[in-house]
1. Which distance in nm do the two modelled labels at ASP27 and ASP188 give, with both placed 7 Å along the Cα-to-Cβ direction?
2. Write down the accessible area per residue of the range 4-198 in Å², having rolled a 1.4 Å probe over the full set of protein chains.
3. Measure off, as a whole percent, the carbon and sulfur share of the 1.4 Å-probe accessible area of the chain, all protein chains present.
4. Add -39500 (n - 2.57) for each DSSP H run of 4 or more in the chain, then divide by its residues: what number comes out at 222 nm, to the nearest 500 deg cm²/dmol?
5. Could you please report the charge total around THR95, scoring K, R as +1 and D, E as -1 over all other residues with beta-carbon less than 11 angstrom from its beta-carbon?
6. Pick out which of VAL48, VAL66, VAL104 has the largest mean-square fluctuation in a Gaussian network model of the chain, springs linking Cα atoms closer than 10 Å.
7. When DSSP beta bridges are limited to those with both residues in the chain, what percentage is antiparallel, rounded to the nearest 5?
8. Quick one: divide the alpha-carbon radius of gyration of the range 4-198 by 2.2 N^0.38 Å and tell me what you get.
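The values are calculated or read from the model by the stated rules, or taken from the named source; none is laboratory data. Just so it is clear, the structure is predicted and the values come from calculations on it, not from any experiment. Cβ placement follows ideal geometry from the backbone for every residue including glycine, while neighbour counts extend to all protein chains displayed. In case anyone asks, the SASA skips ligands and DNA or RNA and just uses the protein heavy atoms, side chains included. Shrake-Rupley method; radii C 1.70, N 1.55, O 1.52, S 1.80 Å.
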Amino acid sequence: MVDHIYNDEIKRIKEYAEENNIPIMQDAGISFLISFIKNNNIKNILEVGTAIGYSSIMMALSVKDVKIISIEKDESRYLEALKNIKKLNLENRITLIFKDALDVKLDDNFDLIFLDAAKGQNINFFNNFSRNLNSKGFIITDNMSFHGYVEKNEEEIKSRNLRGLVRKIKEYKQFLENNNNYDTKFYDTGDGIAVSQSKI
Ligand code: SAH
Ligand code: MG
């Protein structure tokens, strides 16, 4: 997927994520995202939820002229992402913002907005950034299935927090389905991906 010289660095980033329980995108999800970016001629991306920069880096390395702005609210993850991006010489292509995404207002416009932060906040992220979408642009949301819990019966989910989160994801799904300004398709790939295209 990416050039050989980067492989060791990518491997190290993935290991760091694993060791520190950082929920980076699954391989299938990343492949889907990269193909999507190529097939739809995406040039400018806003990512909500950088973590340590893995998905941003994968997108930037795989599609040569893509530019990314990515937002992260956790300081240690933001710093780790900054380090990883510098190491791969991608500072010119990936710009990081260290802030809660709900406090960020941007003037830039994007072909793609990728939502991969707090799963219970997706309606708010969607509403905060949809005005930054180019005509016929896309909003892609990760973790629509949340490790399969969204498809389970509620009684099967023992943890109250998890039940709450799953309910929020279902609400978001409804929100997308009922949103007449967007056409949304759901994919089983990775941890479940929603692709919403602006009709205007
Ligand atoms: N996209 C990354 C994974 C992101 S994990 C990848 O695949 O490599 C989700 C991240 O979203 C976490 O690091 C979390 O700190 C961040 N996050 C959660 N809520 C946020 C918010 N309101 N604003 C900014 N970042 C947020
Ligand atoms: Mg995710």
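1. 1.9
2. The answer is 52 Å² per residue.
3. After summing per-atom areas, the C and S share lands at 44 percent.
4. -12500 deg cm²/dmol
5. Result for the local shell: -1.
6. VAL104
7. In the chain, DSSP labels about 35 percent of beta bridges as antiparallel.
8. For the range 4-198, the normalised Cα radius of gyration is 0.99.
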